[in-house]
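Participant: Here you go, one structure.
None of the figures in this text is laboratory data; all of them are computed from the coordinates on show. Everything numeric in this text was worked out from a predicted model, so none of it was measured. Here the Cβ positions follow ideal geometry from the backbone for every residue, glycine too, while neighbour counts run over all protein chains shown.
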Amino acid sequence: MSSAKPKSILIIAGLLILLALLSGTSALTSRVGFTRTRQPGTFTGNNGANGTAPGDGTAPGGNFQGGNGGNFQGGNAPGGNFQGRGGGNNPLGSIFRILGPSFIYISLGITIIGILLALLSAWGVWKQKKWALNLGMVIALLFLIGALPGLFALGGRNINLLRTSITVLSLIASVPVLVLGILPSVRDFVK
């Protein structure tokens with residue numbers, strides 16, 4: 001038996017290591033937390049029936065506050081069709097505010113487990129083990145599924161080039177692992 005490993009096994013092991021590195025890089029570059037900062041600004045009504053805003057009508061991230069009975073109301077003001085800060089009814093916002101740090105630790109733990117499993121799979125594929133090839137294919141499929149939503153977020157004004165490149169590289173690395181892992185000629189090399 002020759003000691004030279006087939007190129008397909010080397011490619012799969014290398015791509016699994018690349019996926020582990022991309023996952024670690026993605027975790028290090030992602031924003032931590034569920035809160036977002038708001039820009040100051042206020043819409044103020046004119047005490048009229050429709051709560052129109054004075055000026056040019058642009059106030060990014062501000063509070064909507066109408067007049068007496070206007071259409072936009074902030075806080076707990078009666079009348080109007082929109083409630084601002086004080087009258088929010090979003091239960092998920094409260095859950096994330098309370099459990100936010102826990103979700104961050106859970107996400108970090110899942111990322112670390114994924115990195116370790118990808119590295120374990122790469123080592124097993126290097127040793128030509130069938131369980132490692134199967135695990136590597138599952139990991140590649142999970143990376144592929146995880147990267148697909150990132151492709152749909154590519155449009156827009158605020159594109160993070162590092163995150164986008166990590167997403168594209170994850171897709172490029174996942175597909176060959178799946179394709180090569182399915183081939184009977186590759187599966188014959190693993191025991």
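Participant: For a quick protection proxy, order the peptides 124-136, 140-152 by their average other-Cβ count within 10 Å, most packed first.
Facilitator: Listed from highest to lowest mean packing, they are 124-136, 140-152.
Participant: How would you rank 103-110, 116-123, 162-169, highest first, on the average number of other Cβ atoms within 10 Å across their residues?
Facilitator: 116-123, 162-169, 103-110
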